[in-house]
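The values are calculated or read from the model by the stated rules, or taken from the named source; none is laboratory data. This structure is a prediction, so every number in the text was calculated from the model and none was measured. Note: ideal-geometry Cβ built from the backbone for every residue, glycine included; neighbour counts use all protein chains shown. For accessibility, only protein heavy atoms count, side chains too; no ligands or nucleic acids. Shrake-Rupley method; radii C 1.70, N 1.55, O 1.52, S 1.80 Å.
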Amino acid sequence: MAALIGLPLNKTNIQGQPMKTFSQKTETVVKKWIVIDAEGLVVGRLASLVALRLRGKHKATFTPHVDDGDNIIIVNADKVVLTGKKYWNKTYFWHTGYAGGIKERKAREILEGRFPERVVEKAVERMLPRGPLGRRQLKNLRVYAGPEHPHVAQNPESLDIRAMNSKNARAA
């Protein structure tokens with residue numbers, strides 16, 4: 001019918017080539033290693049940029065059903081900053097699995113406790129899609145409370161989130 005009216009059957013680009021949608025294959029994914037120093041960074045802004053890079057949305061080859069994000073290393077996670085009164089008021093809930101087993105802990109208790117990196121891990125985890133692909137992408141995240149990390153052999157590139165926007169960092 002379209003040929004009778006004089007319309008082209010297939011869409012073409014400027015060069016006259018047929019247009020094709022690119023779809024990344026798992027075998028052709030190129031993953032980089034990136035290290036981020038989280039000292040003085042706002043948790044939510046850090047987590048949103050990390051989740052974006054874990055998914056691979058910063059790449060031109062982004063494909064929604066393929067894990068083509070980078071490997072991210074976050075150091076100094078114990079020195080992140082929460083804005084407003086979140087440091088004292090933000091509550092993390094979990095359930096033990098037993099009846100009436102809802103538990104809660106404030107962000108201050110976690111940051112001053114044994115595993116302060118969990119604040120950053122949970123923030124990133126909750127910004128990734130739920131399901132098998134989101135769980136796979138979360139495995140590409142490594143968070144360390146101190147300035148040292150064991151991934152020196154991967155030659156990670158440094159990403160300065162503080163320089164991207166003045167709102168990304170606050171004085172602790």
Compactness summary of the chain: radius of gyration and Dmax from Cα atoms, Å, are 21.3, 73
What range in the chain is the longest one free of chymotrypsin sites (Phe, Trp or Tyr not before Pro) that are in a loop by DSSP and have at most 15 other Cβ atoms within 10 angstrom?
99-172
Using a 1.4 angstrom probe on heavy atoms only, work out the carbon and sulfur share of the accessible area of the stretch 1-146 in %.
56
Accessible area per residue, 1.4 Å probe, Å², for the chain: what's the number?
66
In degrees from 0 to 90, rounded to the nearest 10, what is the angle of the helix 43-55 Cα long axis to the longest principal axis of the chain?
40
Hey, in the GNM for the chain with a 10 angstrom Cα cutoff, which one of Val124, Val50, Val152 fluctuates hardest?
Val152
Number of Lys pairs in the stretch 30-108 with C-alpha atoms less than 24 angstrom apart, excluding same-chain neighbours closer than eight positions?
12
In Å and whole numbers, how far do the C-alpha atoms of the stretch 29-79 stretch along each principal axis, longest first?
33, 19, 14
For the stretch 37-132, the Cα-Cα pair-distance distribution in 5 Å bins from 0, as whole percents, is 2, 12, 20, 21, 17, 13, 9, 5, 1, 0
